[in-house]
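Read the structure below first, then the notes.
Just so it is clear, none of the values below were taken in a lab; they were calculated from the coordinates. Quantities reported herein were computed from a predicted structural model and do not represent experimental measurements. Here the Cβ is made from the backbone with ideal geometry for all residues, glycine too, and neighbour counts use every protein chain on show.
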Amino acid sequence: MNAQRPSAARVSSVAPTAAPPTQGAEVALCNLTLGHDRHPAVHHVEARLEPGSLTALVGPNGSGKSTLLRGIMGELRPMTGQVVLQGAARGRIAYLPQLSRIDRSFPLTVSELVASGLWHLTGIFGGLRADGRARLSEALAAVGMAGSEARSIAALSGGQMQRILFARVLLQDAPLILLDEPFAAIDERTTDDLLDLIDAWHAEGRTVVAVLHDLDMVRARFPNAMLLAREIVAHGPSGAVLSEANLARARARLAAAAQATPDVCEIGEAAPAPALRAVGGEGL
Ligand SMILES: Nc1ncnc2c1ncn2[C@@H]1O[C@H](COP(=O)(O)OP(=O)(O)OP(=O)(O)O)[C@@H](O)[C@H]1O
Ligand SMILES: [Mg+2]
């Protein structure tokens, strides 16, 4: 198979581990306020993501989608409230960051980047044993990038990079999968392939959240949606959430927030909230 171009074959719907159905994680967002430099970006979010649910996180630019995913990941410390995870310890969340947040100039090979998905098993400096290397190769084949192990990530196209990031998520075999704009700047065929992979994760019982801007795709492929405009505008079945009235409300709320003076959040300064609490699942 040509490592320069993804395979024409559809991606495999089988996880390389051939694992039994996974128990998806439950995510509870409790009065959650997250921000940057003490400026709140999303306010007082209350929501519950059911185990095994497939949810699209939508909202205009700057509405707080990436901030919310980073909060669920535990990368950002809440200003108020908390994230309560049931069935996914912190190291067992698979996260695909927004492409703009990845430094592609960092000297890493495809193999090194994808292998970081196995750190929960190997440790950062553990290296891969033969079975780990085999799983890595299978994950690359599953995303149409077989044989690309030695390539530098700096030499990949945007679509190839997204496939590689999906391979890392595959390897992580996680009960909770967070994808931040997984289809940004990629062609229709790659999008279709990667959507099939998301469907497979959903069928396996994993809990999946994906930030998306293509509302037609959300209506067609994602049963649930959460509409964000620095707070939750609507959350539930996609068709109802993405009504014209809700979309107009989201745009209006964000426009109003943009005109307001940036508010420095004093909440939580006296007693910082716990960043993330994991209940059950594998140990931290
Ligand atoms: N690292 C940061 N430092 C300071 N402010 C930030 C940082 N990251 C995001 N923000 C601010 O937080 C708010 C929410 O940004 P966020 O990236 O979460 O939005 P988004 O919905 O993901 O937008 P997009 O659709 O453009 O990716 C914005 O006002 C943004 O400027
Ligand atoms: Mg974003």
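Label separation (R251 vs T191): 2.0 nm, computed from points 7 Å beyond Cα along the C-beta direction.
The residue list A150, V233, L215 was ranked by how far each Cα lies along the charge dipole of the range 26-279 toward its positive end, using unit charges on Cβ atoms, and A150 comes out on top. Here H213, H202, H36 are placed in order of increasing Cβ neighbour count within 10 Å, fewest first, which gives H36, H213, H202.
So, in Å, what gap is there between the alpha-carbon centers of the range 180-245 and the range 41-64? The range 180-245 and the range 41-64 have Cα centres separated by 11 Å. Compute the Cα gyration tensor for the range 26-279, then decide on rounded, prolate or oblate, letting a ≥ b ≥ c be the square roots of its eigenvalues: rounded whenever a/c is under 1.5, prolate when a/b is larger than b/c in the other cases, and oblate in all that remain. In terms of gyration-tensor shape, prolate. Amide H contacts under 5 Å for A210: T55, A56, L57, L179, restricted to partners 5 or more places along the chain or on a different chain, H placed in the peptide plane at 1.01 Å from N.
Note on M217, M226, M145: ascending count of other Cβ atoms within 10 Å places them as M217, M226, M145, the fewest first. In this calculation the C-beta distance from A154 to D199 is compared with R0 = 30 Å, giving a FRET efficiency of 0.45.
A simple spin-label model places the labels of A184 and N31 3.3 nm from each other, with each point 7 Å out along Cα-to-Cβ. When V208, V84 are arranged by Cβ crowding within 10 Å, least crowded first, meaning fewest neighbours, the order is V84, V208. Computed about the Cα centre, the dipole magnitude for the range 26-279 is approximately 360 debye when only Lys and Arg (+1) and Asp and Glu (-1) carry charge, each at its Cβ.
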